[in-house]
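The values are calculated or read from the model by the stated rules, or taken from the named source; none is laboratory data. Bear in mind the structure is a predicted one, so any value in this text is a computation, not a measurement. Backbone-built Cβ (ideal geometry, glycine too); neighbour counts: all protein chains shown.
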Amino acid sequence: MAAEKKVFAGPRIRRLRRERKLTQARMAENLGISASYLNLIERNQRPVSVQILLKLAEVFDVDLRTLGGDDEARALTVLREIFADPVFRDAGLSIQDLQEVAAASPAFADAVSTLYRAYQESMTSGAMLAERLADRDIDDASDTPGLPLEEVRDFINSRKNHFPALDAAAEELYESARISADEPYVSLRNALRDKHGVSTRIAPADIMSGELRRYDRHRQTIFLSELLDQPGRSFQLAYQLGYFEQSRTIEDIVESSGLDSDEACRLLRVALANYFAAALLMPYDAFLRTAEQTNYDIRLLGRRFGTSFEQVCHRLTTLQRPGAKGIPFFLIRVDNAGNVSKRFSAAGFHFARFGGTCPRWNVHDAFRVPGQVYTQIVQMEDGTRYFSIARTVSRAGSGIGVPGDQYVVGLGCDIAHARNLIYSQGYDLDDERGAMPIGVNCRLCERVDCSQPPFKSLKHRLRVDDHVRGVSPFGVPVVEDREAGE
C-alpha cells in the first residue's frame, strides 16, 4: 500500500485563523494543542495530523477538501501564466516566489489576475481603436471589446459552480410539476401549458432561421427547431420554465455578483437559467444518488434522466452541496481547432485562463473516433495526477451541406477519486509511471522533453545549434537552476 501523504497546510490554516480573527493561542486552545505547535504547523514545519484535521472540521465547520490546496494550485497556475508574459521578463521572480504568494493569499492572485485582464483589455482596445482610426470607412471608433465572459467564469468559479437556491427550487418544481424522467419533454410541455398558458411547437429549420429556441410573447408559444434532439428539446423547455419561475432568484444572484457591464450580467443570467434547467432535469439528491450507485456511468445517467452526455458532465461539476457532495470534477470543452469554449474546475485542475491545452492530453485524440470514450491518467508538472475521460459531442446543424458543430467534452477528477469511476477499471491507479506528463499549455510548460509544442515555451531560453536537433522543433531548451544563489 502506498504511504499516506503528509498534509502541509500552514498558510491555509493561518489564513483561516486570521479570517476568524483568532490569535494563535485561542485557535490552539480550540484545537487542543499548544500555541507553539500551531506556530510550527503554520510555518509548514510540521504536517497536519488526521486528528487536527478532524478537529478543524468539527470546531470551525471547515470542508477538509479546502485544505487540500485547490485554491493555491489554481492561484499558482494563474500567477505562472501571468508572469510568463514577456512584459515581466526582467522581474526576476522564481517559481518559489509565486508559490509563496499563492499559498499566502489566493485572493491576491485573483486581484493580480483582474489587473492583468484589465491590462490585456486595454491593449486589445488600443489595437482595435488604432485599426478603426486607420480605416477611413469606419466612423465610430468607440466600440471596443471587453472580456465579460471571463468575468462570468470567475464569478461562477468563486461559487464553485454551485447555487443552492436554484437547486432547491428545481427539486421542488420537479416534484410539484411531476416531471417524469421517463419522458421529461412531455412533462415540461404540460407544465408550461398548465401553469403559464404557453404552448410548444416544433418548427422547420428554415423557418427558425438558424435559431434553436424562440419564445413568442404575443402568441404565448415556444418554437423549438426540428434540429434539436430530444434531450435538447427538454433542456430548452426547462430553461424557459426556469425563466418564468426563477427570474427573481436569478436576479438576486446577478445583483450579488458585483458584475458591472450589462453584457456580463446578461451572460450570467443565461448561465444561471441553464444551471436551473440542468437542475430541473437532474434534481440534486436523485441525481447524486444515482451517480454514486452507477459509479458515475455518464451514458447510463443520460438514459436514466433523459439528458445528453454534455448535460450530464456539466451537472456532475455542480454537486457541491455541503454534507452531500459528489466527486469534485473539472470540465473542459474544446473544438477541433483547440479553442476552449467552456472550462470549470472543482478539482484544482490547472487550466490556462488565456490559452489552449496541452497537445499530450487526450481530449484532442477524441476527435479521431467520434462517440468513443477516451480515458487517460495525466500528471501535471507539480506531480498531481488526474483521471480524465473525453468524448465528442455534436450540436445541431442546419441540414445538408451545413454540418453540426463538433466538440470534445473532457471530464476528470483527482486520482484519489478515480476508484469510484466505472471508467477507471483496468487501470493501476497507484502506479505513477502510467501517467502521461502534461503541462498547462505550451507557452507555460516547464517540460523539456516534449516533441509536440506548436510554439516555444516562454519558460525557457533556447540554444539553437545548426548541428544539433532536439526533440522540440524549437531547438534545445536551456534549463536554468533558478534556485542557485537564492
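Could you check, for the stretch 165-179, whether at least one of its residues is at pLDDT 80 or above, assigned to a helix (DSSP H, G or I), out of contact with any helix residue (DSSP H, G or I) (no Cβ under 9 Å at 6 or more places or on another chain) and not small (Gly, Ala, Ser)?
yes
List the pairs whose first member sits in the stretch 363-378 and is touching a residue at least 24 places away in the same chain (Cβ under 8 Å) and within 15 Å of residue 393 (Cβ to Cβ), whose second member is surrounded by 12 or more Cβ atoms within 10 Å (Cβ to Cβ) and of a type in the set (A, V, I, L, M), and whose Cβ atoms are under 7 Å apart, counting only residues at least 6 apart or on separate chains?
So the pair list comes out as 363/332; 363/334; 363/390; 363/408; 366/390; 366/408; 367/408; 373/389.
Could you grab me the full set of residues in the stretch 34-50 that are among the aliphatic types (A, V, I, L, M) and over 16 Å from residue 62 (Cβ atoms)?
35, 40
Of all residues in the stretch 185-239, which are without any contact (Cβ under 8 Å) to a residue 40 or more places away in the chain, small (Gly, Ala, Ser) and within 16 Å of residue 280 (Cα to Cα)?
Residue satisfying the conditions is 187 alone.
A quick yes/no check of all residues on (1) surrounded by fewer than 19 Cβ atoms within 10 Å (Cβ to Cβ); (2) touching a helix residue (DSSP H, G or I) at 6+ places or on another chain (Cβ under 7 Å); (3) not polar (S, T, N, Q):
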| position | (1), (2), (3) |
| --- | --- |
| 244 | yes, yes, yes |
| 251 | yes, no, yes |
| 266 | yes, no, yes |
| 270 | yes, no, yes |
| 281 | no, yes, yes |
| 294 | yes, yes, no |
| 309 | no, yes, yes |
| 312 | no, yes, yes |
| 315 | no, yes, yes |
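For the stretch 26-60, which residues satisfy the criterion of being without any contact (Cβ under 8 Å) to a residue 24 or more places away in the chain, in a helix (DSSP H, G or I) and within 31 Å of the chain's Cα centre (by Cα)?
Within the stretch 26-60, 50, 52, 54, 57, 58 qualify.
Sort out for me the helices (runs of 4 or more DSSP H) sitting completely within the stretch 238-323 that have 3 or more residues that are touching a His at 6+ places or on another chain (Cβ under 8 Å), closer than 22 Å to residue 418 by Cα and of a type outside the set (Phe, Trp, Tyr). Even if it seems obvious, please write down each step before you answer.
Working: elements: 247-257, 262-281, 284-293, 298-305, 309-316.
Fully inside the stretch 238-323 and qualifying: nothing.
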